[in-house]
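Take a look at the structure below.
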Amino acid sequence: MAEHTPEMPSIIRTFLLRPGAFFEQRRDRLNGLRGGGLALGIAVVVTIVLGVALRLFADQFTGTVERDNPARPPEQLCEDGGVGGITVSGCDEPATQTVEVGSFIWDYATRALPRLFFGLIIAWIGLMIGLYVGAKLAGGSGRFGETAEITAWGLLPSVVGVAAGGAALVFFAATTDLSASSPELLLEQVRRLQNGLSGLVFLAIQVGTAAWQAYVWAGGLRVVHEISRYAAVAIAVIAATLPVIAS
């Protein structure tokens, strides 16, 4: 008789409500290679979701700012007829240019997103080591590769957290006047998004995501390392809380 394969809705429900049972069903298949692939995929998805949110966020800024023209060489190369009497190419370009604030913010975001991607991979490695060492100190018997996949599964709530945080960021930005052109006023407007109701919403999303991660990790550690519930919860809470404190 063929072995019954759980349907996808059932798998998702088990992961959400009973992560311990979810990992128990996969105990013999947990390994570091699968964990690495899962962590890589989650890092890609988180980066894309955040990129979309930042693109929509940048579109809310309607002001303009003046900045140095990157097409014009440094002023010392354009003075007194250039270098050795030879005019450097680009000296006829204006010294500054007017750019939309949204475009400026998006340019910065596109440079920061790759760093975020690699930062997530590094975070996975750090959390994996921390969970493994913590479990071993508590008398755990699981393997490092198994812990690697558990750690990766615990990053899955980050996708939901980033999506919720990005949606909240765009929503609050859309209800805020972001038309100023002065850098000081723009900074003040952005700071308003970090205070009041919006600040509480962002904090709630961050704490909720961390709690969900701890719930997943605790269930996985109990199954793989066969440690007590209290030890698994303590280790998972510490691992989930450190990134929140660091941010």
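The values are calculated or read from the model by the stated rules, or taken from the named source; none is laboratory data. Computed from a predicted model, the values in this text were never measured in an experiment. Heads up, the Cβs are rebuilt from the backbone with ideal geometry, glycines too, and the neighbour counts pull from every protein chain shown. SASA here: full protein model, heavy atoms, side chains in, ligands and nucleic acids out. Shrake-Rupley method; radii C 1.70, N 1.55, O 1.52, S 1.80 Å.
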TODO: Examine region 146-159 for a residue that is buried (at least 19 other Cβ atoms within 10 Å of the Cβ), charged (D, E, K, R) and either touching a residue at least 60 places away in the same chain (Cβ under 8 Å) or under 19 Å from GLY63 (Cβ atoms) (or both), and state whether such a residue exists.
DONE: yes
TODO: Considering each residue of region 15-51, count those that are under 30 Å from GLY102 (Cα atoms) and of a type in the set (Gly, Ala, Ser), and give that number.
DONE: 3
Open item on the list: Tell me the residue from VAL88, VAL45 that is at pLDDT below 70, open to solvent by 40 Å² or more (accessible area, probe 1.4 Å), β-branched (Val, Ile, Thr) and in contact with a helix residue (DSSP H, G or I) (Cβ under 6 Å, 6 or more places away or on another chain), please.
Closed with: VAL88
Task: Any hit, region 191-206, residues being in a loop (DSSP other than H, G, I, E, B), open to solvent by less than 20 Å² (accessible area, probe 1.4 Å) and without any contact (Cβ under 8 Å) to a residue 40 or more places away in the chain - done: yes
TODO: Tell me which residues, restricted to region 207-222, are open to solvent by 20 Å² or more (accessible area, probe 1.4 Å), among the β-branched types (Val, Ile, Thr) and touching a residue at least 40 places away in the same chain (Cβ under 8 Å).
DONE: THR209
Task: Inter-residue pairs, beta-carbon under 7 Å, first over 17 Å from GLY145 (Cβ atoms) and in region 19-33, second of a type in the set (S, T, N, Q) and surrounded by fewer than 18 Cβ atoms within 10 Å (Cβ to Cβ), 6+ apart - done: ALA21/THR14; PHE22/THR14
Open item on the list: Between a residue in region 120-144 that is within 9 Å of ILE235 (Cβ to Cβ) and any residue that is among the small types (Gly, Ala, Ser) and surrounded by 14 or more Cβ atoms within 10 Å (Cβ to Cβ), which pairs come within a Cβ distance under 7 Å, given they are 6 or more apart or on different chains?
Closed with: GLY130/ALA239; LEU131/ALA239; ALA135/GLY142; ALA138/ALA231
